[in-house]
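Have a look at the structure below, then the notes.
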Amino acid sequence: MKIAKMLPEAHRSEHIRWLRAAVLGANDGIVSTASLIVGVAAANSSHQNILLTGIAGLVAGAMSMASGEYVSVSSQADTENADLAREKAELATNVEFERAELAQIYVGRGLEPGLAAKVAEQLMAHDALGSHARDELGITEALSARPVQAALASAGAFSVGAAMPLMMALISSPKNLIAVVSVASLVFLILLGVLAARVGGANAWKGAVRVGFWGALAMAITAGIGSIFGTVV
Ligand SMILES: [Zn+2]
């Protein structure tokens, strides 16, 4: 009974990790693209140029998120692979020491020494590298680094976020554009903030106010700079 109950929990935390990354990616997409659009609009640019800027911002942002994520997760994968290779070599050259080390880990988790030694022996007989990877290095199949997946997820989340203010810019008239894009983007941000807080089990309103504040600040500063440039240039 207990084992069956464990499995869904492990999958849930993995989903939460991905969901949180997606919410943060979308948040970046909304804030950076909405700020770009509002800034260029405040500089009295044509509707066409505003849309062009929004599209360029979406593509550039998605690419930079993807490349950043790919690079950082790849280096995590490199570290994991190096650790696994070292572990494999140690298992080949010093299996007695490795068995004792694993048993010690289980003693540290509360098993009495005799049982810990037995568990270590049986798990290593079944899958020596897997048991050391999981219990000594903390590397599991579910949490192992997947650079391409992470890069695609990050670019996708950013693009979905960026598409929201871009859609607002597309459907609004030049006269109302700044107001429509700002208000709609703040609403999207607050909804995302509530979602992120809910997913993480945190206070929804605190999360919403936090992203709303920073989103509003980013748009206000960019609009200010845009309007200065609009008059100067
Ligand atoms: Zn080991």
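Tabulated values for the structure
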item: Filtered residues of segment 157-174 (kept if surrounded by fewer than 16 Cβ atoms within 10 Å (Cβ to Cβ) and in contact with a helix residue (DSSP H, G or I) (Cβ under 6 Å, 6 or more places away or on another chain)); result: Pro174
item: Residue count, segment 190-209 (criterion: under 18 Å from the mean Cα position of the chain (by Cα) and among the basic types (Lys, Arg)); result: 1
item: Pairs with Cβ under 9 Å, 6+ apart, first in segment 89-106 and among the basic types (Lys, Arg), second assigned to a helix (DSSP H, G or I); result: Arg99/Ala117; Arg99/Ala120; Arg99/Glu121; Arg99/Met124; Arg99/Ala128
item: Unmet requirement for Arg146, which otherwise passes all of (1) open to solvent by 40 Å² or more (accessible area, probe 1.4 Å); (2) in contact (Cβ under 8 Å) with a residue 40 or more places away in the chain; (3) farther than 16 Å from Gln76 by Cα; result: (3)
item: Every residue from segment 50-66 that is open to solvent by 60 Å² or more (accessible area, probe 1.4 Å) and either at pLDDT below 95 or under 17 Å from the mean Cα position of the chain (by Cα) (or both); result: Met63, Ser64
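The values are calculated or read from the model by the stated rules, or taken from the named source; none is laboratory data. Values in this document were obtained by computation on a predicted structure and should not be read as measured data. Heads up, the Cβs are rebuilt from the backbone with ideal geometry, glycines too, and the neighbour counts pull from every protein chain shown. Only protein heavy atoms, including side chains, enter the accessible area calculation; ligands, DNA and RNA are left aside. Shrake-Rupley method; radii C 1.70, N 1.55, O 1.52, S 1.80 Å.
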